[in-house]
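Have a look at the structure below, then the notes.
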Amino acid sequence: MDDNEQGDLFDEGGVAKNWEQVCEADMHALAGLYSDTGIEFPPESGRLYELSVNAFSAIIHARVSELPISMAVSRFEQKILAAADAAGMSANAAAAAEQARVETAMRRAAELAAEDRCDPDACTVYEAAHKVRHEICRLRGLLRFAPGEDGVYAALCSPDHFILPALGEHFKKRFGGVPWAIIDVKRLFRLRYEPKKPFEFSRIREIPKTPQNGKWENLWRQYHKTISNENRYNPDLQKQFLPQRYWKHLTEMQEPPPD
């Protein structure tokens, strides 16, 4: 599928899921999936996680995609749970069935249901999850931070999906003891981190102003110009790996203001 196309396979005649409808539990679950320490899931989510980690991960990614696929995601989840329950009942019916055997049978049935790529709901969920995972990986390399007057390094972005919670641990390791913030200008949402403090997810009322002709930005432009090889310049390939919808927040793609 063309990377610039969004949601063609997921049109169910509904309205695209608004980011404000992404529940807090899904936000924390997404952050936990990209954390070394993980998180404690609520009982309803914990059961799915225990049955199939892969299915749980795909469902969480699909939920934050903001694509109009909520019904498909719900059906996919129910199919996995139903398969596990059916396997559990069958195992319990056997004479002197051991609890470990029952749990193994339920997990096996859940995994089989989760990996059924002939199921249209499964395909929809995994396709959406792939889009979200791909953008998470992409944004890790495309954010351009600049120091603000308060000493906090800030980067602006407008991701297609609500992925900010998945970026925290990566940049926490990258920045060490330096405070930073990532602002989703499309959703007016901010992820902020200060050393020795928990991540702060919050709404903002306006987009903070960032310097456009500061020393930091000029250094980055000079660095990008230095490492570029004009003999290998391929604009079509560049747009394939770096879609133009991301360019507005890339320092190197903006002309510096006149002196």
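Taken together, the values in this text are just the output of simple stated rules run on the coordinates, not laboratory data. All values reported here derive from a predicted model rather than from experimental measurement. So basically every Cβ, Gly included, is an ideal-geometry build from the backbone, and we count neighbours across all protein chains shown.
Computed over neighbours whose Cβ is under 13 Å from that of LYS225, the net charge equals -3, Lys and Arg +1, Asp and Glu -1. For segment 161-172, backbone phi angles converted through the Karplus equation (6.51, -1.76, 1.60; θ = phi - 60°) give residue-by-residue couplings of 10, 7, 10, 3, x, 7, 9, x, 4, 4, 7, 4 Hz, Gly and Pro being listed as x. Each residue of segment 67-73 was assigned a 3J(HN,Hα) from its phi angle through the Karplus expression (A = 6.51, B = -1.76, C = 1.60, θ = phi - 60°), giving 7, x, 10, 4, 5, 5, 4 Hz with x at Gly and Pro.
Can you list which of the trypsin sites (Lys or Arg not before Pro) found in segment 163-246 are DSSP loop residues with at most 15 other C-beta atoms within 10 Å? List each step's numbers first, then the result.
Working: sites: LYS172, LYS173, ARG174, LYS186, ARG187, ARG190, ARG192, LYS196, ARG203, ARG205, LYS209, LYS215, ARG221, LYS225, ARG232, LYS239, ARG245; in loops: LYS186, ARG187, LYS196, ARG205, LYS209.
Sites meeting the loop and neighbour criteria: LYS186, LYS196, ARG205, LYS209.
Ignoring lysines fewer than eight residues from LYS197 along the same chain, the ones with Cα atoms less than 19 angstrom from its Cα are LYS172, LYS173. Shown for HIS134, HIS161: other C-beta atoms within 10 Å of each C-beta, ranked fewest to most, produce the order HIS134, HIS161.
Sorted from fewest to most neighbouring beta carbons within 10 Å, what does the list ILE207, ILE80 look like?
ILE207, ILE80
Under 5 Å between amide hydrogens, built in the peptide plane, is the criterion, and for ALA154 it picks out ALA146, GLY148, ALA181 among residues at least 5 positions away or on other chains. Database remark: amide H of SER65 closer than 5 angstrom to no amide H (H placed geometrically; neighbours at sequence offset of 5 or more, or on other chains; Pro and chain starts carry no H).
Would you tally the net charge around ASP119, using a Cβ to Cβ cut-off of less than 14 Å, leaving ASP119 out, and scoring K and R as +1, D and E as -1? Numbers along the way, then the final one.
Values: positive: ARG75, LYS79, ARG117; negative: GLU77, GLU111, GLU115, ASP116, ASP121, GLU127.
That sum, taken over residues with Cβ under 14 Å, equals -3.
Could you please rank GLU111, GLU135, placing first whichever residue has the fewest other Cβ atoms within 10 Å of its Cβ?
The fewest-first ordering by Cβ neighbours comes to GLU111, GLU135.
Couplings 3J(HN,Hα) of segment 122-135, computed from phi: 4, 4, 5, 5, 5, 5, 5, 4, 4, 4, 5, 4, 5, 6 Hz, in residue order, whole Hz [Karplus 6.51 cos²θ - 1.76 cosθ + 1.60, θ = phi - 60°; x for Gly and Pro].
Taking amide H atoms as placed 1.01 Å from N in the peptide plane, the amide H of PHE189 lies under 5 Å from those of ASP184, ILE204, each 5 or more residues away in sequence or on another chain.
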